[in-house]
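The values are calculated or read from the model by the stated rules, or taken from the named source; none is laboratory data. Keep in mind the model is a prediction, meaning the values are calculated, not measured. Cβ sites come from the backbone with ideal geometry, for glycine too, and all protein chains shown count toward neighbours.
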Amino acid sequence: MRAFQSSRRGSGQRGFTLIELMISLVLSMAVLIGLSSVYVAVKSAFRFQESTGRLQEDANFALDTIARELRMAGFAGCSGIQTLTVAGVTTRYPGNVLASANPNTISGPNPLATVESGNAEVTVQPFTPLNFIRGFDSVPSTMFASGSVPASSGTDSLFFAGGSANAVGVTVAMSASNSPLTISSNVYGWSGANTMIVSDCNSSSIFEGTVSTSGGVTTIAHDGTGNSTDTFNSSYKFGPPVASGVDARTGAIVMLAQWNFFYVATRSGATTPSLYRITFNGASRSNAEEIVSNVESMQLHYGENTQVDASGAATRVADEWRTSAAGVTDWARIVAVRIGLMMVSAEDNTSPDVVLTTPTLLGQTYTLPAGASTNRLRKEFSTTVVLRNSVAAR
């Protein structure tokens, strides 16, 4: 009897029916589909945030680089660019300083001379209010040596020049106008021939200087090859501070003359353009340096001062903003530059949910470069730089 009861209890156990199993599978698939949708959405959001973050980071670096250098445009010491003189210099940067053809990515020591060869104030006189800054509505092909013109997308470019912030004080008064300059110490490692600026609050001059050190004393000779008279303008004598007397003056400082040229171009094999820079550091030009990639366009607006005060002096206020370099009436009156960058994602289809709209750059409708993908993420970034060394109109 007990065996019979045990057998009946065992036969009463049941498993899943086919209907129950199918319901379970359907519910499981629904859960998996829901989780997959969440995963895809999270991944897409992460990809979008990562791309926008990179655009922000790259744009900030690019704008900071341009702005930091641009703030020094037109710097020529205490007395300013308006008093900078040339004693016998026949080219913007004395010829023998850049006699070497290496690197030769940009033609000539004075890039503007190739663009405006008929303008004597550009080709002969250095660092004048007219030419210490110059913008272009494209990348001038004449500024580059044959065969090295970059593949530009037709965006704006910017050239500006000025004295370096790395200056050294003059420690010994010149005994004669053709005496070498004696500086406190050669902390920046200057050597050989350099294009330099010497300035105090009364006068300043650009010259070709040869730096040498002997017995712990560093001197800078202003060479006859660059300055035919081998003296500074009006036989001026630079020296350390003089506290009182007829010759009271502030101390003179010496710095390298330098320039920067920023433009946008596409390197061979790249799918998007980049921001490039070429520099001159007083002795040599650099090769074109890729600063930031994925910069599709750079647009520049120029703040021009067209007003004068009651005394007839320039107000130094940007009362007119020119949206193109061609619209600038007087480069000597440019007191600010607004820089706009159109950043583009490195990949197509960064976020398929983003609806493509017509972008703008510095308030103007932005036209995509020929052949550019419409599926990339684009974002505008801009900043305005006041030219603190700009001078009053002539």
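The single condition among (1) more than 30 Å from residue 189 (Cα to Cα); (2) modelled with pLDDT of 85 or more that residue 252 does not meet is (1). Taken over region 273-282, the criterion of being in contact with a helix residue (DSSP H, G or I) (Cβ under 9 Å, 6 or more places away or on another chain) and buried (at least 20 other Cβ atoms within 10 Å of the Cβ) is satisfied by 275, 278, 280, 282. Being hydroxyl-bearing (Ser, Thr, Tyr), touching a Ser or Thr at 6+ places or on another chain (Cβ under 7 Å), farther than 21 Å from residue 161 by Cα and in contact (Cβ under 8 Å) with a residue 60 or more places away in the chain is a property that residue 177 has. Inside region 201-221, residues that are of a type outside the set (Val, Ile, Thr), surrounded by 14 or more Cβ atoms within 10 Å (Cβ to Cβ) and either closer than 21 Å to residue 82 by Cβ or at pLDDT 80 or above (or both) make up a count of 9. Surrounded by fewer than 17 Cβ atoms within 10 Å (Cβ to Cβ), among the hydroxyl-bearing types (Ser, Thr, Tyr) and modelled with pLDDT under 75: does that describe residue 153? No: the conditions fail for residue 153. All conditions but one from (1) of a type in the set (Lys, Arg); (2) modelled with pLDDT of 90 or more; (3) not in a strand (DSSP E or B) apply to residue 338; the one that does not is (3).
Looking only at region 185-199, residues that are of a type outside the set (Phe, Trp, Tyr) and surrounded by 16 or more Cβ atoms within 10 Å (Cβ to Cβ) come to 8 in all. Restricting 153, 175 to residues that are touching a Pro at 6+ places or on another chain (Cβ under 6 Å) and either over 30 Å from residue 217 (Cα atoms) or part of a loop (DSSP other than H, G, I, E, B) (or both) narrows the list to 153. Answer with yes or no whether residue 226 is surrounded by 14 or more Cβ atoms within 10 Å (Cβ to Cβ), modelled with pLDDT under 80 and of a type outside the set (Phe, Trp, Tyr). Yes: the conditions hold for residue 226. Any chance region 75-89 includes a residue that's surrounded by 21 or more Cβ atoms within 10 Å (Cβ to Cβ), at pLDDT 80 or above and more than 30 Å from residue 297 (Cα to Cα)? Yes; the residues of region 75-89 include at least one that is surrounded by 21 or more Cβ atoms within 10 Å (Cβ to Cβ), at pLDDT 80 or above and more than 30 Å from residue 297 (Cα to Cα). Contact annotation: residue pairs with Cβ atoms under 9 Å, 6 or more positions apart or on different chains, pairing a residue in region 275-292 that is in contact (Cβ under 8 Å) with a residue 40 or more places away in the chain and under 21 Å from residue 191 (Cα atoms) with a partner that is part of a strand (DSSP E or B) and of a type in the set (Lys, Arg), are 286/277.
The condition (being in a helix (DSSP H, G or I), under 30 Å from residue 297 (Cα atoms) and modelled with pLDDT under 80) is satisfied by just one residue among 65, 52: 52. Considering only residues that are touching a Ser or Thr at 6+ places or on another chain (Cβ under 8 Å) and assigned to a loop (DSSP other than H, G, I, E, B), look in region 180-189 and name the one that is nearest to residue 162 (Cα to Cα). Result: 186.
Condition check for residue 122 on (1) at pLDDT 80 or above; (2) over 27 Å from residue 367 (Cα atoms): one failure, at (1).
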